1. Do we have Thr190 as assigned by the TED database to the domain that holds Lys215, under 20 Å from Ser225 (Cβ atoms) and surrounded by fewer than 22 Cβ atoms within 10 Å (Cβ to Cβ) here?
2. Of all residues in segment 341-355 being in contact (Cβ under 8 Å) with a residue 12 or more places away in the chain and open to solvent by 50 Å² or more (accessible area, probe 1.4 Å), which is nearest to Glu234 (Cα to Cα)?
3. Does at least one position in segment 112-127 carry a residue that is outside the structural domain of Gly274 (by the TED database), of a type in the set (Phe, Trp, Tyr) and assigned to a loop (DSSP other than H, G, I, E, B)?
4. Residues of segment 194-235 being in a loop (DSSP other than H, G, I, E, B) and at pLDDT below 95, which ones?
5. How many residues are among the hydrophobic types (A, V, I, L, M, F, W, C), open to solvent by 20 Å² or more (accessible area, probe 1.4 Å) and assigned to a loop (DSSP other than H, G, I, E, B) when one looks only at segment 151-187?
6. Kindly indicate whether His265 is farther than 16 Å from Thr89 by Cα, touching a residue at least 40 places away in the same chain (Cβ under 8 Å), open to solvent by less than 30 Å² (accessible area, probe 1.4 Å) and under 18 Å from the mean Cα position of the chain (by Cα).
7. Restricting to segment 196-207, name every residue that is open to solvent by less than 30 Å² (accessible area, probe 1.4 Å) and either farther than 19 Å from Glu148 by Cβ or in contact (Cβ under 8 Å) with a residue 60 or more places away in the chain (or both).
8. Does segment 218-236 include one or more residues that are over 24 Å from Trp362 (Cα atoms) and either of a type in the set (Ser, Thr, Tyr) or open to solvent by less than 30 Å² (accessible area, probe 1.4 Å) (or both)?
Amino acid sequence: MTHDLKTSLEDLAEAEYADAPLSTIDIGRARADGRRRMRTARLAPVGGGVAVVAACALVVNGLGGASPAKSGGTPQQTGTAAGHSFTGTDPLPMIAKFGWLPAGFQTANRSAGPDYGDSLAAVTKPLPASGGAPAGADVIALMKSATEPTPLATETKAPASVTGSPKAFFITTPGDSSTIPPEVRLAWQTASGSWFVVNGDYRVRGDELKAQLLKVADSTTAEDSEAPLPIHVEGLPAGVTLGEAMLNDPATVGEGGFTMGLSYHSGNAGPGSGHYFSISVTPTGQQDPNQGSGSDPNAAAKSGLKGAPAVRTPNTCKDSEGLHICVQDDPAQSGPDPLASVGGAQGLLDRITSLGTDRANWTTHVVN
């Protein structure tokens, strides 16, 4: 039976780490099985979108550290959105902007945060089955790293030249059989010293794929701005840490819509530790293959937030200004629940202001 990409990733996480929270994917241990499964599902539906980012985390090897989301520094000035005046920070930086993309690809997915790093993905419309690959969307995914990627012992490294980059190279992972070709990625250093790694359209192979990766990289520019989001949160619990912020816009290329999510955990520990809670946002009434209605007890996890607890409980939701906004929190997690200090999931939901579906009204003053 053919699974979609998100289902494949969830199966992998549950099988490999059944005793741990969903956020504790060990990239080193999961890489081999994950690569095989994702090759099989590389054209499968992306749907809820942050599954793309999980794919990046498993496919891109040796990313030594991730750029944290902007949460400190100079306080932002008060901004106006949808008739509201806000002060706050934005958890979702715009790390890069694609220039040239192969025909049919559209920038659609952004994710950031210390749990899984910062990434950008371009996606196609759902594609028909071809050459033994299942039907679904294809993905070109880019990740940002603070340090130079290190290939595995089984991988090969070859020099490359990217416009404006002092250093660049291809990383090739051998194919598993005649039906699974070698996996090629391109890594290059930016002018600021950070690194990008990008994979290509895997319907393309060999030298054609390398040429495609170079063309994507040559036209990609680093960004130092913030992604406007459709909500404002006035007062998170004290002492919580961002795990991940994500925006899929459009949710499905060719069909529109969007999904947005934030996950936080108590304390400053790494991924998989602390008590997690999440916020998910979609247009009211929007349905997609990976996310059900707000009454679905698994909806927050289906939205793609990898920090969602392993044991899931029904969401606490509201519809406001055309948005369906949910807070998901599992009181059965170990440790004190940080939402207790703000009145639980309902208390946090009451602190969230909807800015509607008109992107002109979205704000970069997201969390105060």
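The values are calculated or read from the model by the stated rules, or taken from the named source; none is laboratory data. Note that the structure is predicted; figures quoted are calculated from it, not measured. Cβ atoms come from the backbone with ideal geometry, glycine included; neighbour counts cover every protein chain shown. Each accessible area value is taken on the protein alone, full model and side chains, heavy atoms only, with ligands, DNA and RNA left out. Shrake-Rupley method; radii C 1.70, N 1.55, O 1.52, S 1.80 Å.
1. Criteria met by Thr190.
2. In this case the residue turns out to be Arg351.
3. Yes, segment 112-127 has at least one match.
4. Gly200, Asp201, Tyr202, Arg203, Val204, Arg205, Gly235 - these are the residues of segment 194-235 that are in a loop (DSSP other than H, G, I, E, B) and at pLDDT below 95.
5. Residues flagged as among the hydrophobic types (A, V, I, L, M, F, W, C), open to solvent by 20 Å² or more (accessible area, probe 1.4 Å) and assigned to a loop (DSSP other than H, G, I, E, B) within segment 151-187 amount to 3.
6. Judged against the criteria, His265 is a match.
7. Answer for segment 196-207, where residues must be open to solvent by less than 30 Å² (accessible area, probe 1.4 Å) and either farther than 19 Å from Glu148 by Cβ or in contact (Cβ under 8 Å) with a residue 60 or more places away in the chain (or both): Phe196, Val197, Asn199, Gly200, Asp201, Val204.
8. yes
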